[in-house]
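Structure first, then comments.
Every number here is computed from the coordinates shown, using simple stated rules; none is lab data. Everything quoted here is computed from the prediction, not taken from an experiment. When we count neighbours, we look across all protein chains shown, and the Cβ atoms used for this are built from the backbone with ideal geometry, even at glycine.
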Amino acid sequence: MGSDSFTPDSGVLLAKPAGQHPEDVSAYLNGDVYRLTATTDNPERTIAVPNALTTAQFGETVRVPVHAKRNSGSGQTTVTFTATSESNTTTATTTCTTNGW
């Protein structure tokens, strides 16, 4: 019923005060959901993120699996990993460089 509530015994629809949720949701307000991507600069490598979403509390560091496969060749490869907030446009990006895998 959106932001309204229904009282079944009286059949009256009651409006909730603006900005209030029917339950205590404070435990869910200290974090965010992030969309994850990983890319490589080397066409001889394949990079995949098995789960494109993760959650984290603000200020928390979380581990995210990233799968890397060498299709052919050798040499240096740079992998770029980006996490983008689902609630705003904030992004965090990191890179790592590997040799010969």
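Work out the length of the dipole vector of segment 27-99 about its Cα centre, built from +1 on the beta-carbon of each Lys and Arg and -1 on the beta-carbon of each Asp and Glu, and round it to the nearest 20 debye.
260 debye
If I model a spin label as a point 7 Å beyond the Cα along the Cα-Cβ vector, how far apart are those points for Thr93 and Glu23 in nm?
In this crude spin-label approximation the distance works out to 3.8 nm.
Towards the positive end of the charge dipole of segment 27-99, with charges on Cβ (+1 Lys, Arg; -1 Asp, Glu), say which of Asn42, Thr95, Pro65 has the farthest Cα.
Looking along the dipole axis, the top candidate is Asn42.
How high is the relative contact order of segment 27-99, in percent, counting Cα pairs under 8 Å that sit 6 or more residues apart?
35 percent
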